[in-house]
Amino acid sequence: MDLSSFTDEWQMQRQQLFKSVPPEGRKVSYLDKEFLVFPNTFWPFADSLPLIKNFHVAPGEHVLDVGTGSGVIGIFACYRGAGRVVGVDINPAAVRSATHNASMHGFSDTMQVLQSDLFTALGDQQFDVITANLPFRNKPAQDVVAMSQWDTEFKTNTRFFEGVGRHLKPAGRIYFVQSNFGEIDTMHRLAQASGLKVTELAREATDEARRQEFFVFEMTRV
Ligand SMILES: C[S@@+](CC[C@H](N)C(=O)[O-])C[C@H]1O[C@@H](n2cnc3c(N)ncnc32)[C@H](O)[C@@H]1O
C-alpha cells in the first residue's frame, strides 16, 4: 500500500474513534498529563510532540493557539508560564473539550477558548506567540471531524497565512506543524508570500521506517 492510501485508511479510522467517544468523554494520557476529549474532538497525538517539546514561551507572554482541539498546546503554553492564552477552534466539540481541559489543569483564569473560524473572533488582538497544528493534508473534508485532519483545497491553511500577520506582534513568532504526508512545500510558499522567514525547529517520526514524520517550523517576520 502506498503512503497516501495507508494514511487515508489510518486517518479515517481515527475519525471513527473521535466520533465514537461516549457523551461523558474519554481520558487520553499525553506526555504524563491527562486530557478529556468529548465526542468529535481530535485527540492529543504525536503530531504535536515536536512543537510541544521545542516551542519557547517566555513568562508572561501572550499566546494564540489556532485549531486548539483538546487545548493541549495552549495548556502546555500555560505550564511554560504564558500570561494569557487564547485557544480558537471552528468545532464546538473542540471548544467544549479545550474549555474543560483548561479548567481541569487549573488554567481557567489564564486560558480562554473561543469558537472561531481562524482569527474571526479575535478582532485586532495581537500575540507574542502563535501556535498552529492545523489539518495538514490537502483533501476534501465532508464534516467537522474530517476538518481536523483534512483541509479542502488547502483553503484554511491559505487563509491562515493571509491573516496571521495582523495578529502577530512585530517581534512575535509562530510555531507551525506539518508532516511528510502533508504539504510542506506549499507551506513554505504561503509563509514566504506572507513575509515570514521559516526555520525547521524539530522533527519526530512515529515509526522506525519514518513513514510518518512530524515537523515544527518556527516563523518570524523577515
Ligand atoms: C490536527 S487538529 C489539532 C488539535 C490540537 N491543536 C492538537 O495539537 O492536538 C486540527 C484542529 O484544527 C481545527 N480547525 C480546522 N479548521 C479550522 C478553522 N478554519 N478555524 C479554526 N480551527 C480549525 C480542527 O477543528 C481541529 O481541532
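The numbers here are math on the coordinates, done by the rules we state, and not lab data. Being a predicted model, the structure only gives us computed values, none of them experimental. Note: ideal-geometry Cβ built from the backbone for every residue, glycine included; neighbour counts use all protein chains shown.
Could you list, ordered by first residue, the pairs with Cβ atoms under 8 Å in which the first is in segment 75-91 and within 12 Å of the ligand (Cβ to nearest atom) and the second is of a type in the set (Lys, Arg) and not in a strand (DSSP E or B), at least 6 apart or interchain?
Listed by first residue and then by second, the contacts come to nothing, as the list is empty.
For residue 57, all conditions in the list (1) more than 9 Å from the ligand (Cβ to nearest atom); (2) in a loop (DSSP other than H, G, I, E, B); (3) surrounded by fewer than 20 Cβ atoms within 10 Å (Cβ to Cβ) hold save one; what is the number of the exception?
With (1) more than 9 Å from the ligand (Cβ to nearest atom); (2) in a loop (DSSP other than H, G, I, E, B); (3) surrounded by fewer than 20 Cβ atoms within 10 Å (Cβ to Cβ) applied to residue 57, the lone miss is (3).
Mind checking which pairs have a first residue in segment 104-120 that is without any contact (Cβ under 8 Å) to a residue 24 or more places away in the chain and a second that is more than 11 Å from the ligand (Cβ to nearest atom), Cβ under 7 Å, 6 or more apart or different chains?
Every condition considered, the pairs that remain are 108/102.
Go through 81, 87 for me and flag whichever is within 17 Å of residue 175 (Cα to Cα) and exposed (fewer than 15 other Cβ atoms within 10 Å of the Cβ). Even if it seems obvious, please write down each step before you answer.
On the way: 87 fails: exposed (fewer than 15 other Cβ atoms within 10 Å of the Cβ).
Result of the check over 81, 87: 81.
Which residue out of 199, 206 is under 27 Å from residue 9 (Cα atoms) and not acidic (Asp, Glu)? If you could, list the steps in order and put the result at the bottom.
On the way: 199 fails: under 27 Å from residue 9 (Cα atoms).
Checking each option against the conditions leaves just 206.
Can you pull out the residues in segment 130-153 that are away from the ligand (no atom under 11 Å from the Cβ) and within 15 Å of the chain's Cα centre (by Cα)?
In the first step, residues of segment 130-153 are kept if they are away from the ligand (no atom under 11 Å from the Cβ); the result is 130, 138-140, 142, 153.
Selection gives 130 alone.
Matching residues to (1) over 20 Å from residue 89 (Cα atoms); (2) surrounded by 16 or more Cβ atoms within 10 Å (Cβ to Cβ); (3) in contact (Cβ under 8 Å) with a residue 40 or more places away in the chain:
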| position | (1), (2), (3) |
| --- | --- |
| 142 | no, no, no |
| 148 | no, yes, yes |
| 152 | no, no, no |
| 162 | no, no, no |
| 168 | no, yes, yes |
| 174 | no, yes, yes |
| 189 | yes, no, no |
| 195 | yes, no, no |
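Taking the options 107, 42, 127, name whichever one is more than 15 Å from residue 164 (Cβ to Cβ), more than 7 Å from the ligand (Cβ to nearest atom) and not basic (Lys, Arg).
107
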